[in-house]
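The values are calculated or read from the model by the stated rules, or taken from the named source; none is laboratory data. Predicted, not measured: the structure shown is a model, and the values here were computed from it. Here the Cβ positions follow ideal geometry from the backbone for every residue, glycine too, while neighbour counts run over all protein chains shown. Remember, those area values only see protein heavy atoms, side chains included, never the ligands or the DNA or RNA. Shrake-Rupley method; radii C 1.70, N 1.55, O 1.52, S 1.80 Å.
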Amino acid sequence: MASRGSILLTGGAGFIGSHVAVEVAAAGWTPVLLDNFCTSERSVVARVGEVVGAPVRCIEADIRDAQAMRAAFGSTPMHAVIHLAGLKAVGESVEKPELYHDNNVRGTEVLLAAMDEFGVRRMVFSSSCTVYGMPQRLPIDESHPLGAINPYGQTKLDIERMLDRWADACIDRHVCSLRYFNPVGAHASALIGESPLGIPNNLMPFVVKVARGELPELGVFGGDWPTHDGTGVRDYIHVVDLARGHVVALEQLDSMHHDCINLGTGAGLSVLDVVHAFERVNGVKVPYAIGPRRAGDAAAAYADASLAEQRLGWRARLGLDDMVRDAWAFATRSAC
Ligand code: NAD
Ligand code: UFG
């Protein structure tokens, strides 16, 4: 089948980008990855190719390098950009706010300048529910007040505002910012998934390391939250559902100016819901101990996911059992 055109995926070797590349290819487009591998491994590129059934091109470059970005756009006409490149560790962003601004915000400026030079007018951007700050009401819809509670969140807000201005400056520019809730899981092939370096910050990779015996127990951050079992509630979304959301957004970009759309399931699950599902589905133990709350955490955050359904015809199909099964299959296969 002839390709429908090339799509540049910045951060395409990362956890989410690798899954988006697979869905982009399945929809008949040619994904071109661009990554500096600061938080991912080069071997991911070949594994994406294995899932897709054909080699996938990857340009090793930093989005802040204007010359490299010009070379990337000069090498192949790009129908659109899916912009996933970014640093995302909240704690690190507090220690190194300038690095986060430079990498995420200035990086996006350089990327947009290169797109302008080559007449590329469409972008899907990886935003985050972090732009809503501390939840003021639940579920969180797109009209919820915006605010940053850490430098990482500030970069996402700054980029959304930059994309407003970019879209406003020219009538035929089209942008969709997808505000992800909590992406987890892995591709069913177990060839790609999430493998953070060092001790993970996020719940699912931590649970996986405990189940493998690499860490002694999960510290649950608070057992006295006003939730159904006292532990924190989030909207976990399977990364393959999330990746499909990018393709439907890509295909409807021309009817958008700059639309901001939540990608979540709409269901709130607690830390213990995740732990118990992980143990039941995978037949492994996840020792845990309830400890103090983590600074800056909210009791609960989950999406009103109805705009994605109305606007994109998208809804999550996979549930918690799929998420914990696929996260474990990836972790145990990649150990071989
Ligand atoms: P990831 O760290 O696995 O992937 C990010 C990729 O971007 C990595 O491959 C990294 O090497 C690359 N990258 C970073 N800076 C770069 C630069 N300057 N130039 C080129 N490449 C660069 O993270 P992920 O979970 O796949 O996240 C992808 C995007 O989604 C990020 O923008 C993140 O902020 C956003 N997001 C993630 C989550 C989440 O929980 N995973 C939630 C909301 C939003
Ligand atoms: N949790 C634990 N123990 C852990 C890790 C997490 O109990 O070791 C709990 C947290 O307190 C929270 C839930 O598990 O209740 C989920 O925590 P994560 O760190 O996985 O996810 P968050 O929703 O707190 O944060 C994530 C990203 C942020 C992003 C935010 C909103 O890590 O970068 O979603 O997008 F800003």
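Treating the beta-carbon of each Lys and Arg as +1 and of each Asp and Glu as -1, no other charges, what is the dipole magnitude of the range 59-178 about its Cα centre, to the nearest 20 debye? Could you put the intermediate results ahead of the total?
Working: 12 positive and 17 negative charges, 39 e Å.
For this selection, approximately 180 debye.
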Mind putting a number on the dipole of the chain about its Cα centre? Charges go on the C-beta only, +1 for Lys and Arg and -1 for Asp and Glu, and I need it in Debye to the nearest 20.
-> 420
Residues of the range 59-92 with amide N under 13 Å of the 7 Å Cα→Cβ point at Met162 = 63-66, 83-87
Among Ala169, Ser270, Pro97, the residue whose Cα sits farthest towards the positive end of the charge dipole of the chain, when +1 is placed on the Cβ of each Lys and Arg and -1 on the Cβ of each Asp and Glu, is Ser270
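Could you provide, to the nearest whole Å², the per residue accessible area of the range 241-281 with probe 1.4 Å?
That works out to 30 Å² per residue.
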Environment charge at Leu250 (Cβ cut-off 15 Å; Lys +1, Arg +1, Asp -1, Glu -1) = +2
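Where the accessible area of the chain is counted over protein heavy atoms with a 1.4 Å probe, how much of it, in %, is carbon and sulfur?
Working: 7370 of 13970 Å².
That fraction is 53 percent.
Between exposed GluC sites (Glu not before Pro) in the chain, where DSSP calls loop and at most 15 other Cβ atoms lie within 10 Å, what's the longest gap?
Details: sites that count: Glu41, Glu214, Glu217.
Here the longest run is 42-213.
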Return the Cα extents of the chain along principal axes one, two and three, sorted largest first, each rounded to a whole Å.
-> 54, 45, 39
Just flag the trypsin sites (Lys or Arg not before Pro) in the range 219-301 sitting in loop per DSSP whose Cβ has no more than 16 other Cβ atoms within 10 Å.
-> Lys285, Arg293, Arg294
Percent relative contact order of the chain, based on C-alpha pairs within less than 8 angstrom and at least six residues apart?
-> 18
Zone of Asp224 (label point 7 Å along Cα→Cβ, backbone N under 18 Å): which residues in the range 283-312?
-> 289-300
Dividing the helical contributions, -39500 (n - 2.57) per DSSP H run of n ≥ 4, by the residues of the chain yields a 222 nm value, nearest 500 deg cm²/dmol, of -11000 deg cm²/dmol
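Where only protein heavy atoms count, and the probe is 1.4 Å, what is the accessible area per residue for the range 132-237 in Å²? Provide the component values of the computation, followed by the final result.
Numbers: 4440 Å² over 106 residues.
The answer is 42 Å² per residue.
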Simple Cβ-charge dipole of the range 200-259, Lys/Arg +1 and Asp/Glu -1, about Cα centre, in debye nearest 20 | 260
Going by alpha carbons, how many degrees (0 to 90, nearest 10) lie between the helix axis of 15-26 and the longest principal axis of the chain?
-> 60
Positive end of the charge dipole of the chain (Lys, Arg +1 and Asp, Glu -1 on Cβ, about the Cα centre): tell me which of Pro200, Ser75, Trp328 has its Cα farthest that way.
-> Trp328
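Using the heavy atoms of the protein chains and a 1.4 angstrom probe, tell me the accessible area per residue for the range 1-131 in square angstrom.
Details: 5250 Å² over 131 residues.
Each residue of the range 1-131 exposes 40 Å² on average to a 1.4 Å probe.
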Tally Lys/Arg at +1 and Asp/Glu at -1 over every other residue whose Cβ is under 14 Å from the Cβ of Arg4; what's the total?
-> -2
Sticking with the crude label model, points 7 Å out along Cα→Cβ, report the distance from Ala27 to Glu214 in nm, one decimal please.
-> 3.2
First select every other residue whose beta carbon is under 10 angstrom from the beta carbon of Leu33; then total the charges, Lys and Arg +1, Asp and Glu -1.
-> -1
Under 24 Å from the Cα of Lys88, which lysines turn up, not counting those fewer than eight places away in the same chain?
-> Lys96, Lys156, Lys209
